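**Q** Could you have a look at this structure, given as structure tokens, before my questions?
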Amino acid sequence: MNNRQSSEASLFLGSLKNGIWFLGISSWLFGITDRSIASLSDGYLSALDIAQLFIAAFFFVSWLFLKPTPKV
């Protein structure tokens, strides 16, 4: 019985990790889109705007590398 409970708990935690990861992807995509629209809306792209976009893109790519792997 204990083995079954630990199996269910690990399955739940794996599902939770994947859910958080997918939520993070959508959040980062929204953030990058928002920053892009805000940066380009005034018609002038400053160095600060470019830096913000590169930092957001860097964090997004870093988030992609943090994808949880299923345990076999």
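**Q** So what are the ³J(HN,Hα) numbers for the range 15-26, from phi and the Karplus equation (6.51, -1.76, 1.60; θ = phi - 60°), rounded to whole Hz, Gly and Pro as x?
**A** The phi angles translate into 5, 5, 4, 5, x, 5, 5, 5, 5, x, 4, 5 Hz.
**Q** What list of ³J(HN,Hα) couplings, whole Hz, do you get for the range 54-67 from phi and the Karplus terms 6.51, -1.76, 1.60, once you set θ to phi - 60° and write x for glycine and proline?
**A** Computed from phi, the couplings for the range 54-67 are 5, 5, 5, 5, 4, 5, 5, 5, 4, 5, 4, 6, 8, 4 Hz.
**Q** Sticking with this one: Taking the Cα centroid of the range 1-31 and of the range 43-72, what is the distance between the two, rounded to the nearest whole Å?
**A** Between the Cα centres of the range 1-31 and the range 43-72 lies a distance of 22 Å.
**Q** Using just the helices of the chain, give the 222 nm mean residue ellipticity in deg cm²/dmol: DSSP H runs with n ≥ 4 each add -39,500 (n - 2.57), and the total is spread over all residues, rounded to 500.
**A** So the helix-based figure for the chain works out to -29000 deg cm²/dmol.
**Q** Here is a further query. Which FRET efficiency, nearest 0.05, do Lys17 and Leu48 yield, Cβ-Cβ r, R0 35 Å?
**A** 0.50
**Q** For the chain, what is the relative contact order in percent, using Cα pairs closer than 8 Å and at least 6 residues apart in sequence?
**A** Across the chain, relative contact order equals 46 percent.
Where a number appears in this text, it was derived from the coordinates with a stated rule and is not lab data. Keep in mind the model is a prediction, meaning the values are calculated, not measured. A quick note on method: Cβ atoms are made from the backbone with ideal geometry, for glycine too, and the neighbour counts reach across all protein chains shown.
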